[in-house]
Amino acid sequence: MHKYGRLIMAGIILFLVFPLRAEYGDVVLNKRAEKEGMPPVIFPHWFHRIRFRCKVCHFELGFEMRAGSNNVTMQEIIDGKFCGMCHNDEIAWGVENCDLCHSGRPGLKSKIHGGHSTGGPGIW
Amino acid sequence: MLKIRFSCGFYTLLLMATLLLPLISSAASKWKSLEKDGIHDPDSPAMGVLQEPAAALSKLPQNTSGNMVDWVKALEDGAIHPRTNLWPETKVRIRNDDVFLEKTGEMPVVRFPHRAHTMWLDCKNCHEKYFISKKGANPITMMKILQGYYCGRCHGAVAFPLTECDRCHSVPRSKLEKIKAESRKAENRK
């Protein structure tokens, strides 16, 4: 057996038992955030779908159903578009609560994270 | 000699761990806490303010994949009451028919329920952008779906994952006509 074989196997077992994984459908948005000095944004689908049907954001608000294809700027959110349609201190917390959305680890790539059985299709 | 005994012990341990895995796994990490999910910054001021997945999801009808929640059942049973629209003038459209996709090779036929999908989505989310509203007009393949097209827009990303074969491939060919007839009846009742 390889010198570190046992260690590697133990690592694999530990990873299987205690995996480090985001919740299924979590989206990291970091096209602009870190370039402009803010931590990446984490959008949890699970939290939002308890309160809104998909059609509210993906039909009424016009979010494309493809990670990275929505060119959302903070200015637009402040002006009440996209996230700003609800994040306005009326339906949900307002834009002054920067840290609640910009709560990601540094260096994260924009994409759909999470996954229980699949990590999502390759294209994500 | 000693080395062999060690290895045997190790493999016994490995085997035991593998057998116990589902048990330990479900108890330890059905939903990761935000601090330990690998994407949230544990030092962020949002920790402790944002709702934890387990706090919300453990109360909903359970499932074995994705968010470990049966979202369609949660909605149908009234466990959640997500808003359908923000603007009063938005028409909320529900469609009740089933579409049967029969060119599935050796696999059972796919029953696509419009109802479960329109409870969540609007017609325009899929039509005519990703699916043409004409029977036979969409060359859907499993490969395309796995690459994130057609059903794979959502399934495998936010809707239940592609490991759940039988949730879509649910109609054995021997029962196809019977299930089609039942589906037509149910459509009129709803």
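Couple of notes before you dig in:
- For beta carbons closer than 8 Å, sequence separation of 6+ or different chains, a first residue in region A:63-74 that is within 10 Å of A:K31 (Cα to Cα) and of a type outside the set (D, E) and a second that is at pLDDT below 90 and surrounded by 13 or more Cβ atoms within 10 Å (Cβ to Cβ), the qualifying pairs are A:G68/A:S110; A:G68/A:K111.
- One residue from B:P108, B:P61 being touching a strand residue (DSSP E or B) at 6+ places or on another chain (Cβ under 8 Å), surrounded by 14 or more Cβ atoms within 10 Å (Cβ to Cβ), in the same structural domain as B:I179 (by TED's automatic domain parsing) and more than 22 Å from A:M85 (Cα to Cα): B:P108
- Scanning region A:18-58 for residues that are at the interface with chain B (Cβ under 7 Å from one of its Cβ atoms) and within 15 Å of B:P82 (Cα to Cα) gives A:H45, A:W46, A:F47, A:R49, A:I50, A:R51, A:F52, A:R53, A:C54, A:K55, A:V56, A:H58.
- Some residue of region B:118-132 being of a type in the set (K, R), modelled with pLDDT under 95 and surrounded by fewer than 16 Cβ atoms within 10 Å (Cβ to Cβ): yes
- The single condition among (1) modelled with pLDDT under 70; (2) aliphatic (A, V, I, L, M); (3) under 25 Å from B:A55 (Cβ atoms); (4) surrounded by 14 or more Cβ atoms within 10 Å (Cβ to Cβ) that A:I13 does not meet is (3).
- Verdict on A:I78 being more than 9 Å from chain B (Cβ to nearest Cβ) and either free of Cβ contacts under 8 Å to residues at least 24 places away in the same chain or among the hydroxyl-bearing types (S, T, Y) (or both): yes
The values are calculated or read from the model by the stated rules, or taken from the named source; none is laboratory data. If you're wondering where the values come from, they're calculated on a predicted model, not measured in any experiment. So basically every Cβ, Gly included, is an ideal-geometry build from the backbone, and we count neighbours across all protein chains shown.
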